[in-house]
Every structure is written in C-alpha cells, then in structure tokens.
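*Asks:* First, the structure itself, so that you have it in front of you.
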C-alpha cells in the first residue's frame, strides 16, 4: 500500500482532498496500475487514522477526476487508461449528455467540403516530395517564409531563417529549453500557468518557480526577486490572453518585464498561442529583446487544432542549437500541415477562417456575458470566472460533474503549493459543439453557482 499517513499530513487541506491528491500522485507514478483494485474504504480509513466517510469522499472525488471507477459488489478500481495529466478532465467523446468546458480550443468553423478541397489542392501543389523525402528539421524554406509573414502581423518582424517549424507548441518549448538551458536549471513561470508546459518542463528535469501576477500580468518586481532568489535562467510567460486568466499584458508592463529580463540575464520564452485572436493587441515582449527572446506559437487556437502546426521564432545565432534539439526530439515535423497552411495563406483562406473563428468566439463571449454575468476579453476562447464566497473551485468541479458539466480543477494551473487554491474557475467556451448547447451548459453552471454547495453527508 503506497499511501501513508505522512502523505496526507497537510493542515491546509481537508483530509478527504489530501487523500484524493495522494491517490492521484500514486497513480501518476505507477504505484497503482491500470485496473488495480484499491483497498476497501474501511481498511484504508483504519490505516490512515481517518473516518470511513472521509475515505469514501476521497474516492468519490478521485472518480470525478477521471482516476477511478467503482463497481457495486466488487470495489473501486484504477481506470484502465489513466492520463498522466488527469488533473485536467476531458469529457468522453461518446457522452452526448456531457458538456465539456475543459478543452480550450476555438469553435470549429470549417466544413468537410472546404477541408477536402483545400487539402487536395495543397497536396497537388506540393508534389510527391512532400511524402517521399524527409523534410529539413527546421522546415521547408517556403513554409518558414509563410510563417514569418504570419507572425509579422502581430508586430513581430521575422525572416524565414529565424523560423523553425514544430509539431505544436510543446515541442517548440522543449526544443528551446533543451538548446538554451541544462536540466536542473530554474525556469520562472507565472504563478498560474498552462499545466501542459509545467508538466513538460518538469519531465525534462527543470526546476520551476512562480512569479506573482496582478491584473496586468507578471509583476516586474516579483520577476526580479525570483530571478535573484532562485538563480533563474529563463522566464516562460503567456502575455496575450493568458491561460488561464485571459489577461493581456499592456505595452508598458511588457517593456518593464523586458527590462528586468535583460538586467537579470534571463531568456524569455514567450508563448503567443492566442496572439492572433484579438483584433488589437500590443507587440510581443520579444520585440524588445531581439537577442534573448524566443517566441513560440502555433495554429491550434487561431485556425485549426488538428493541424498540430507550431513554430519558433528565435535569434539567428540560436537557430542552429535549437534545430539540433528539435532533431533530437522529433527529427522533423510533417510538412503536410505547413503546406496546407501556406496554401491557405496564399489564397486568403487563412484570413477567412481566422475571421470566422473571431466571430464565433464573439458570439460565445456574448452568451457567457448574458448567462454568467461576465464575458472574457476580446478574442479569448476562455473565461476566468470568479466564484461566489460559498464555493471553492474544487467543490464546484465535483458538483458540476453531477450536472453533466466538466470543468478543470483550478489548482492544476498553480505552480508550487504555497499559495491558496484560486477562487476562480476556467471556463472554455469553444469545445461545446454548438452555441445552443453552450447556452444550456452555462445556464446549468449559473444555476449551480446561484445556490449554496450541497451539504456533505454526515459522518457518524
């Protein structure tokens, strides 16, 4: 049995939540394998010195996180395919009655006909070499040039030689860090950050330390203090439509952050994945740090998640080392998504699709504003929703599951465990297929928030 009393000795959390967290850690590292039967509630309660009701609540919470399943008369079992990042619950594809407000993607605006027609034209133009040869690790020159023009639209001047093509933003972040840093180095990140990047950097053996933020993004003084206190080597941030808070850092704050980065000899890794969605935005921080900044982005949020096309814009003297790291990671990204994007850009279809996505997000923002009393900023596909005093984020996630609504736990966005769990929840507005379905889901969420949390079952 891998869970001990010491695992739940945290006075800042209810015991049932500490047990659920310990179970999640144990499953994540493989102490409990897929399909393995967990100890009976009474046995675990006796071992940990808690009540049967406490362990029962912990098992229910772990089930809501997608970790366990219960079978009447047989016991509680680890799900056959638990995700290492099960901290973010993804709704089952076949659950028609479930509303997924977890997956942060743009509304789908493409038709089958235009996808098949444009793909056929792009492949025909690219020819057999697209499939018959390995592409260069950095990508084909014409694709890099197309992406350089694309990123120039957000105020980031770039040449094709500065652009490297990746299979999404994860590989862009990984290649940048592996080329510029060493395992064990400290990377500073926003105190609330994208969990995928946090988990990725942890698996690559980098240390992460949080930087405090306010309503304008990362605080310059906190960044400087963290750099000094922890020997920070890099700062990873998402200053445009930040995930999860949807904050866009104003230009004056960006210049202050750039100054701190330069004074403390840091590398800036600027995640600009949402950068093309607002109709107006400040230039990237990277513009102010041409020799020590790398911009990473992709097309998942602004055109099509299924393309899995990401890119890096790097200083010329770092392109070689990042290319080597990229080769070690994936040899080269497939040229097919880049060829399709280049075709879309040349024909104006990229602008048309982006316009449709912006319009669809705008309609969903209005729905959120009407039903939740708060809309996200211009262009944002997600909302950081403050909670009423009676609700905690964890309790809301639990109760929402019972209403057929999946929400991400707010603590998954935290770096470090010293700060209290956020008193807000991220609501993704793009993953529910239709606007009517979204309105129903947000209406159910509003009804849930308008009443106090249900009382827990009494423990005798």
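The values are calculated or read from the model by the stated rules, or taken from the named source; none is laboratory data. Predicted model only: the values in this text are computed from it and were never measured. Positions of Cβ are generated from backbone atoms using ideal geometry, with glycine treated the same way; all protein chains shown enter the neighbour counts.
*Asks:* Filter the stretch 381-402 down to residues that are within 16 Å of residue 104 (Cα to Cα) and touching a residue at least 60 places away in the same chain (Cβ under 8 Å) and give me whichever is surrounded by the fewest Cβ atoms within 10 Å (Cβ to Cβ).
*Replies:* Among those residues, the one meeting the criterion is 384.
*Asks:* Return the total of residues in the stretch 127-161 being at negative phi and in contact with a strand residue (DSSP E or B) (Cβ under 7 Å, 6 or more places away or on another chain).
*Replies:* First, the residues of the stretch 127-161 that are at negative phi: 128-138, 140-154, 156-161.
Next, from what is left, pick out any that are in contact with a strand residue (DSSP E or B) (Cβ under 7 Å, 6 or more places away or on another chain): 138, 143-144, 147-148, 151, 156, 158.
Count: 8.
*Asks:* Is the stretch 340-360 home to any residue that is over 18 Å from the mean Cα position of the chain (by Cα), over 30 Å from residue 114 (Cβ atoms) and part of a loop (DSSP other than H, G, I, E, B)?
*Replies:* Among the residues of the stretch 340-360, not one is over 18 Å from the mean Cα position of the chain (by Cα), over 30 Å from residue 114 (Cβ atoms) and part of a loop (DSSP other than H, G, I, E, B), which makes the answer no.
*Asks:* What pairs can you find where one residue is in the stretch 172-200 and free of Cβ contacts under 8 Å to residues at least 24 places away in the same chain, the other is buried (at least 20 other Cβ atoms within 10 Å of the Cβ) and not in a helix (DSSP H, G or I), and their Cβ atoms are less than 9 Å apart, with a gap of 6+ or different chains?
*Replies:* Once the first residue is free of Cβ contacts under 8 Å to residues at least 24 places away in the same chain and sits in the stretch 172-200, its partners that are buried (at least 20 other Cβ atoms within 10 Å of the Cβ) and not in a helix (DSSP H, G or I) give 182/206; 182/233; 183/206; 184/206.
*Asks:* Still on this model: Answer yes or no as to whether residue 165 is crowded, with 19+ Cβ neighbours inside 10 Å and over 20 Å from residue 266 (Cα atoms).
*Replies:* When the stated conditions are applied, residue 165 passes them.
*Asks:* Please specify each residue of the stretch 126-157 satisfying the condition of being in a loop (DSSP other than H, G, I, E, B) and surrounded by fewer than 20 Cβ atoms within 10 Å (Cβ to Cβ). Outline the logic, then answer.
*Replies:* In the first step, residues of the stretch 126-157 are kept if they are in a loop (DSSP other than H, G, I, E, B); the result is 127-128, 133-140, 153-157.
Residues satisfying the conditions are 127, 128, 133, 134, 135, 136, 153, 154, 155, 157.
*Asks:* Right, another one. Regarding residue 311, is this residue out of contact with any helix residue (DSSP H, G or I) (no Cβ under 9 Å at 6 or more places or on another chain), assigned by TED's automatic domain parsing to the domain that holds residue 132 and either part of a strand (DSSP E or B) or at negative phi (or both)?
*Replies:* Judged against the criteria, residue 311 is not a match.
*Asks:* Let me ask you something else. Note down all Cβ pairs under 6 Å where the first residue falls in the stretch 87-109 and is more than 20 Å from residue 381 (Cβ to Cβ), the second is at pLDDT below 55 and in a loop (DSSP other than H, G, I, E, B), and they're at least six residues apart or on different chains.
*Replies:* Cβ pairs passing all conditions: none.
*Asks:* Follow-up. Within the stretch 403-437, restricting attention to residues that are touching a strand residue (DSSP E or B) at 6+ places or on another chain (Cβ under 8 Å) and part of a helix (DSSP H, G or I), which residue is surrounded by the most Cβ atoms within 10 Å (Cβ to Cβ)?
*Replies:* Restricting to residues being touching a strand residue (DSSP E or B) at 6+ places or on another chain (Cβ under 8 Å) and part of a helix (DSSP H, G or I), the top hit is 413.
*Asks:* Kindly indicate whether any position in the stretch 347-359 is in contact with a helix residue (DSSP H, G or I) (Cβ under 6 Å, 6 or more places away or on another chain) and within 30 Å of residue 207 (Cα to Cα).
*Replies:* No - not one qualifying residue is present in the stretch 347-359.
*Asks:* Oh, and also: Can you spot a residue in the stretch 90-100 that is at pLDDT 70 or above, assigned to a loop (DSSP other than H, G, I, E, B) and surrounded by fewer than 14 Cβ atoms within 10 Å (Cβ to Cβ)?
*Replies:* No.
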